[in-house]
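The values are calculated or read from the model by the stated rules, or taken from the named source; none is laboratory data. Everything quoted here is computed from the prediction, not taken from an experiment. Glycine gets a Cβ as well: all are built from the backbone with ideal geometry, and neighbour counts include every protein chain shown. The protein model used for the area step is the full one, side chains on, heavy atoms only, and it has no ligands, DNA or RNA in it. Shrake-Rupley method; radii C 1.70, N 1.55, O 1.52, S 1.80 Å.
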Amino acid sequence: MKSFEFFAAKDSSDAVTLLAQHAANAKVKIIAGGTDLLADLKFAAHGPDVVVDISHVDDLKNITLTEQGLNIGALVTHTQIMRSPLIRQFFPALVDAAHTIGAVQTRNLGTLGGNLVTAVPSMDSGPTLMALEAIVTIAGNGGRRQVPLNEFFVGPRKTILKPDELLAEIIIPKQNLGKPTHFLKFGLRKGQALALVNVAASFWVDWEKNVFLAPRIGLGAVAPKVIRAPQAEAYLEGRTISAEAMAEAGRVAVGDAKPISDFRASAEYRRHLVAVLTKRALESAWTLAQTRRLEGWNGQRNA
Amino acid sequence: MAEKPKVIEKPDVLERPDILKPQAPAPLVAFPIEVVVPEGRQQTPAVGQRASRADGRLHGLGQTKYIDDMYFPNMLFAKIKRAGIASARIKNIDTKEAEAMPGVVAVITGRDIPCNSFGPSLKDQPVLADTRVFHAGDGVAAVAAVSEQIATEALEKIKVDYEVLTPVLDPLESLKLETPGVHAPSANIYGHKVIKKGDVEKAFAESDHVFEGTFRTQMVEHVPLEPYACIAQWDANGRVTIYSTLGRITLGRADVARTLGIPMSRIRIVATVVGGNFGGKNEIRAEPAMALLSKKTGRPVKCVFTRSEEFTSSTTRHPLIMDYKTGVTKQGKILGRKIRLVLDGGAYCSWSETTLGKACILSAGPYNIENLYAEAFVVYTNKTMTGAMRGFGAPQVCFAYESHMDDIAKALGIDPLEIRLLNAFDEGSLSPTSQKLHSVVVKESLLRAAKRFGWNGIGDGVGNGNGA
Amino acid sequence: MVNVTLRVNGETRSASVPPETTLLRLLRDQFNLTGSKLGCDVGDCGACTVIVDGQPVNSCLMLVGQVEGREVLTIEGLANADHLYPLQKLFEHFGSLQCGFCGPGVIMSAKALLDENPDPSTEEIRDALGGNLCRCTGYTKMIEAIKGASCILRGEEAPLVKSA
Ligand SMILES: Cc1cc2nc3c(=O)[nH]c(=O)nc-3n(C[C@H](O)[C@H](O)[C@H](O)COP(=O)(O)OP(=O)(O)OC[C@H]3O[C@@H](n4cnc5c(N)ncnc54)[C@H](O)[C@@H]3O)c2cc1C
Ligand code: FES
Ligand code: FES
């Protein structure tokens with residue numbers, strides 16, 4: 001690893017100050033869990049001049065219910081997501097997604113923010129958060145701004161973050177709290193494997209008409225960034241819930257995906273996976289919707 | 001007469017050893033380490049038992065000393081510059097800037113190696129490439145510095161001027177006589193074996209069906225959890241001590257003697273506990289270069305491969321391209337089989353000859369085949385060298401002949417178990433090289449296995465019952 | 001240079017090292033605790049696993065600056081002169097380690113699991129070992145040893161291994 005200067009931020013405002021101080025005339029990198037950054041820097045021909053450590057920034061480690069919805073601090077680790085009672089209650093899909101990331105050791109270090117900022121198309125947090133229409137809060141010297149996650153990703157390993165900005169929190173908007181959602185990942189093995197394809201499906205149910213409401217599908221590893229599947233969503237909107245509709249939505253989603261062939265899988269195989277995983281994710285989300293209804297959740301969209 | 005081995009009877013009821021009880025009467029003492037050294041020629045009831053190992057205690061304590069856990073006073077750390085090009089001519093290597101770096105103590109190139117070639121059979125590997133690069137993982141220079149970090153940074157300061165050449169990457173291309181030699185003027189085919197029995201062409205003519213299939217396997221790295229490592233220490237009397245993860249130290253010593261041009265009596269190789277070998281640590285790698293760096297600096301020098309170097313610059317398992325042609329009767333009895341194996345040998349021979357031989361001998365499978373023609377070639381390509389790895393070619397051909405058997409069974413509509421029972425070796429069968437086989441239990445094993453996993457015939461087409 | 005002070009196996013230790021030093025290098029090169037191994041340096045193999053503030057982590061993926069003030073437990077901190085930790089004892093008994101290179105990491109992962117979950121199922125043990133690669137022994141004997149150790153730590157008799 002190339003040498004660099006190291007500064008540890010005490011809290012998020014300290015982090016922003018440190019970034020502003022150094023970003024003007026040096027190459028700065030933030031380190032959170034370090035699971036992506038260090039693995040990269042060990043092979044990098046040119047490293048950063050300055051590394052700002054935010055791993056001790058406690059004000060970005062909270063998971064709270066607010067007026068806006070469910071706020072997850074960017075420094076929440078994958079292990080914390082798996083253990084959070086709030087997330088377990090509202091979004092078991094996020095727990096499942098976190099569970100598929102790396103292994104215990106990497107989940108203890110790796111953060112949700114780091115996963116999103118690294119912005120590899122196969123990231124496992126992406127599809128569920130896209131399906132849940134998450135919003136991210138970005139903190140910079142000039143204050144905070146919010147953008148939909150959809151607009152946060154620019155391309156492979158590229159986000160809209162400026163060098164002096166940090167990702168502060170991820171918000172799942174209030175209207176989607178408890179929306180039945182399911183995440184599925186297909187990797188070559190269970191542990192320590194990146195997704196060949198990962199999919200999240202989410203919808204509300206109109207129990208009177210038995211139709212899909214606000215169906216949302218997130219797809220990973222099939223485009224330069226994590227994407228939604230607009231054609232499949234449009235196909236499902238207002239359609240009567242049935243096994244055939246879910247299978248057809250899977251086939252339609254293939255048209256939304258633009259996978260490439262690489263050493264992990266061929267584009268053709270990835271397209272096949274999109275169809276199968278989308279169908280299965282929809283089926284499991286449907287099961288979750290029914291269970292929740294029986295358990296007395298108000299399985300309706302909160303007006 | 002040799003003493004008969006003692007056999008300890010397997011007790012009917014296993015007694016619970018103290019250690020499995022919560023309040024063990026014997027204290028759980030970590031030290032001193034008391035190891036039960038097994039008596040010679042003692043046969044224990046091994047199958048289904050959990051045999052503890054003499055070194056198990058130290059392993060669990062984290063006290064086993066592998067090479068990277070050793071340190072000698074004043075030790076230097078070495079790194080090797082890799083070519084990163086599959087085939088090239090080296091025009092010039094400029095090490096001046098690296099040598100001038102603070103913390104760098106010595107730099108050597110291939111020209112500093114007294115005799116720059118070694119290998120367990122053919123002596124075709126350079127310690128460090130001097131005039132030619134034969135694969136991307138070739139080392140072109142080695143740096144010894146006061147820290148690993150400085151040594152790594154110094155590699156970037158070494159400027160190598162290459163004339164890039166067109167590499168030979170496809171083994172089937174390499175097999176053609178008109179393809180330029182990887183090690184010209186030597187031919188690309190550097191090993192060849194034929195096993196002939198009976199008359200295959202006649203057998204094909206008499207067969208009801210003749211099936212053909214081509215099978216390929218990929219290159220595989222051993223991935224020992226401990227990457228290759230060594231420490232060399234040249235002493236004032238002109239002797240060198242090398243601590244190495246090497247599995248064959250006497251063979252390694254001969255190669256070190258050859259490359260350094262000193263008698264074997266001046267070389268002491270200490271084999272340490274190895275963190276996994278699997279065939280990938282059966283020949284020297286950086287030992288001569290480290291010995292020379294130590295000689296040049298008068299200090300001990302350590303070199304540990306990165307995980308990437310373990311993939312690019314150590315041996316791997318041969319990829320094989322295997323053509324099979326088999327003539328059978330309607331019932332599935334094999335009358336004749338013709339096989340061609342092409343082994344991708346990569347840039348250097350290493351243990352290719354052993355692999356070639358074993359792959360060829362085993363390529364017909366454990367089946368009685370009266371008429372056989374098996375031919376195997378190993379060729380050079382500009383890729384990571386292939387060498388020994390568990391089975392020396394046996395796993396590759398097994399994949400081919402068993403897949404081929406399944407294909408034949410499927411085409412004939414026969415149970416894949418049935419076709420194997422029809423053809424498998426019996427007690428006293430002759431191997432393809434006419435060795436009389438004893439203790440043959442192929443059929444018994446197949447039947448038992450089939451029973452164990454509930455084999456239900458041809459298979460139900462949904463993934464159950466595929467393969468034997 | 002950064003100055004770090006942390007607790008390692010119950011003792012306060014300090015060092016002044018370049019900021020790019022990883023926790024693994026700090027332990028091995030500065031504190032001579034060579035039990036934790038470097039197998040890949042990128043988080044894949046788990047040979048470097050140590051427990052930081054109660055959680056198993058890849059020490060090759062932490063910078064020294066990040067462990068300031070933290071509590072680190074390594075394989076060397078499990079046994080004392082009188083007692084082996086039950087996991088070490090049973091790993092030895094069941095022959096759960098062949099070359100042993102993966103061992104310290106595996107045992108630390110298992111220790112963290114048992115601290116949190118005294119009676120793990122096979123599935124839970126597998127999940128806990130998901131980040132530890134072993135190329136020699138495989139995982140069956142390790143799982144047996146971890147199960148056995150969990151019994152002993154709970155004050156129960158460990159099961160005998162059924163022979164095939
Ligand atoms: C062995 C292994 C297995 C893995 N398996 C998976 C897997 O299965 N699925 C998967 O999705 N990922 C996987 N990963 C990737 C990685 O663990 C995750 O992406 C992790 O969440 C990254 O978080 P981090 O905190 O470690 O990020 P870091 O490495 O600290 O940072 C990553 C990048 O994000 C930037 N950054 C981090 N936090 C912020 C912030 N708050 N604001 C601005 N920039 C920030 C950093 O500057 C850096 O560029 C794996 C990694 C390893 C080492
Ligand atoms: S060395 Fe840290 S995980 Fe392999
Ligand atoms: S015992 Fe060798 S890697 Fe596990």
Checklist entry - region B:244-285 to region B:57-100: how many Å between their Cα centroids? => result 16
Checklist entry - Cα-Cα over 26 Å: which of B:K202/B:K451; B:K383/C:K141; A:K29/B:K383; B:K81/B:K295; B:K123/B:K436? => result B:K202/B:K451; B:K383/C:K141; A:K29/B:K383; B:K123/B:K436
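Using a 1.4 Å probe and counting only protein heavy atoms, arrange B:K79, B:K410 so the residue with the most accessible area comes first.
Working: B:K79 15, B:K410 170 Å².
Accessible-area ranking of B:K79, B:K410, largest first: B:K410, B:K79.
Structure shown: which of A:K42/B:K358; A:K61/C:K111; A:K179/A:K258; A:K61/A:K185; A:K42/B:K159; B:K281/B:K410 lie over 31 Å apart, alpha-carbon to alpha-carbon?
Values: A:K42/B:K358 41 Å; A:K61/C:K111 26 Å; A:K179/A:K258 27 Å; A:K61/A:K185 26 Å; A:K42/B:K159 21 Å; B:K281/B:K410 41 Å.
Violating the 31 Å Cα-Cα cut-off are A:K42/B:K358; B:K281/B:K410.
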Item to check | Whole-angstrom gap from region C:136-154 to region A:143-191, using each part's C-alpha centre | outcome: 39
Checklist entry - Given the C-alpha centroids of region A:110-127 and region B:408-432, what is the distance between them in whole angstrom? => result 52
Checklist entry - Per Stokes-Einstein, at 37 °C and 0.692 mPa s, what whole-number D in µm² s⁻¹ belongs to chain A, with the Kirkwood radius over Cα pairs as the hydrodynamic radius? => result 167
Checklist outcome for this item: Probe 1.4 Å, all chains present, heavy atoms only: C:S14 accessible area in Å², nearest 10, is 80
Item to check | Three semi-axes of the equivalent ellipsoid, region C:86-153, Cα gyration tensor, whole Å, largest first | outcome: 17, 13, 10
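Find the sum over both chains of the accessible area lost when C and B are paired, probe 1.4 Å, and report it in Å² to the nearest 100. Write down the numbers at each step before the final one.
Details: alone 8790 and 23780 Å², together 28500 Å².
Summing both chains' loss of accessible area gives about 4100 Å².
Loop only per DSSP, at most 14 neighbouring Cβ atoms within 10 Å: give me the GluC sites (Glu not before Pro) in region A:224-275, ordered by residue number. Walk me through the numbers before you get to the answer.
Details: sites: A:E233, A:E237, A:E244, A:E248, A:E268; in loops: A:E237.
Hits after loop and neighbour filter: A:E237.
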Checklist entry - If you take the Cα atoms of region A:176-303, find Rg, then find the Kirkwood Rh from the mean of 1/r over all pairs, what is Rg/Rh? => result 1.00
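Output the relative contact order of region C:2-77, whole-number percent, from Cα pairs under 8 angstrom with separation of 6+ residues.
Numbers: 142 pairs, mean separation 30.7, N = 76.
Normalised by residue count, the contact order of region C:2-77 is 40 percent.
With a cut-off of 8 Å between alpha carbons and a minimum separation of six or more residues, what is the relative contact order of region B:75-164 in percent? Intermediate values should be presented prior to the final figure.
On the way: 192 pairs, mean separation 45.3, N = 90.
Normalised by residue count, the contact order of region B:75-164 is 50 percent.
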Checklist outcome for this item: Under a 1.4 Å probe, counting only protein heavy atoms, A:H272 has an accessible area in Å², nearest 10, of 110
Checklist outcome for this item: Here FRET efficiency (C-beta to C-beta, B:K410 to B:H183, R₀ 51 Å, nearest 0.05) is 0.75
Checklist outcome for this item: Averaged over the residues of B:220-229, the number of partner chain Cβ atoms within 10 Å of each residue's own Cβ comes to 4
Checklist entry - For the residue pair B:S429 and B:V210, what label-to-label distance in nm results when each label sits 7 Å from Cα along the Cα-to-beta-carbon direction? => result 2.4
Checklist outcome for this item: For region A:80-174 the mean separation of alpha carbon contacts under 8 Å (6+ apart) over residue count, i.e. relative contact order in percent, is 25
Next on the checklist: Viscosity 1.306 mPa s, temperature 10 °C: what is the translational diffusion coefficient of region B:229-312 from Stokes-Einstein with a Kirkwood Rh over Cα pairs, rounded to a whole number of µm²/s?
Outcome noted: 124
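Quickly estimate the mean residue ellipticity at 222 nm for chain A, helices only: each DSSP H run with n ≥ 4 gives -39500 (n - 2.57), and the total goes over all residues, rounded to 500. Don't jump to the answer; show the numbers that get you there.
On the way: 12 runs with 109 residues, N = 303.
When only DSSP H runs of four or more count, the value is -10000 deg cm²/dmol.
Could you give the C-alpha radius of gyration of the protein assembly as shown expressed as a fraction of 2.2 N^0.38 Å, taking N as the number of residues it contains?
Details: Rg = 30.6 Å, N = 935, 2.2 N^0.38 = 29.6 Å.
Against the empirical 2.2 N^0.38 Å value, I get 1.03 for the protein assembly as shown.
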Item to check | Where C meets A: accessible area buried, both sides, 1.4 Å probe, Å² | outcome: 2400
Item to check | Rounded accessible area of B:E375 (nearest 10 Å², 1.4 Å probe) | outcome: 40
Checklist entry - How many partner chain Cβ atoms sit within 10 Å of a residue's Cβ in peptide C:42-52, on average, as a whole number? => result 5
Checklist outcome for this item: Residues of region C:1-36 with backbone N under 20 Å of the label point set 7 Å from the Cα of A:D58 along Cα→Cβ are C:5-7
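Leaving out ligands, DNA and RNA, what percent of the accessible area of chain A is carbon and sulfur, probe 1.4 Å?
Numbers: 6620 of 12510 Å².
Result for chain A: 53 percent of the exposed heavy-atom area is carbon or sulfur.
In deg cm²/dmol and to the nearest 500, what is the mean residue ellipticity at 222 nm of chain B if only DSSP H runs of at least 4 residues count, each as -39500 (n - 2.57), divided by the residue total?
On the way: 12 runs with 111 residues, N = 468.
Taken over chain B, the calculation gives -7000 deg cm²/dmol.
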Checklist entry - Which of the aspartates and glutamates could be linked to A:K158 by a straight reach, that is with a Cα gap under 19 Å, when you skip same-chain ones fewer than 8 residues away? => result A:D36, A:D40, A:D124, A:E169
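Residue by residue through B:115-126, how many Cβ atoms from other chains fall within 10 Å of the Cβ on average? Before the final figure, lay out each step's value.
On the way: counts 0, 0, 0, 0, 0, 0, 0, 0, 0, 0, 0, 0.
Average neighbour count from other chains, rounded to a whole number: 0.
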Checklist entry - Just the accessible area per residue of chain B, please: how many Å² with a 1.4 Å probe? => result 46
Checklist entry - Taking the convex hull of the alpha carbon atoms in chain B, what volume per residue do you get, in Å³? => result 221
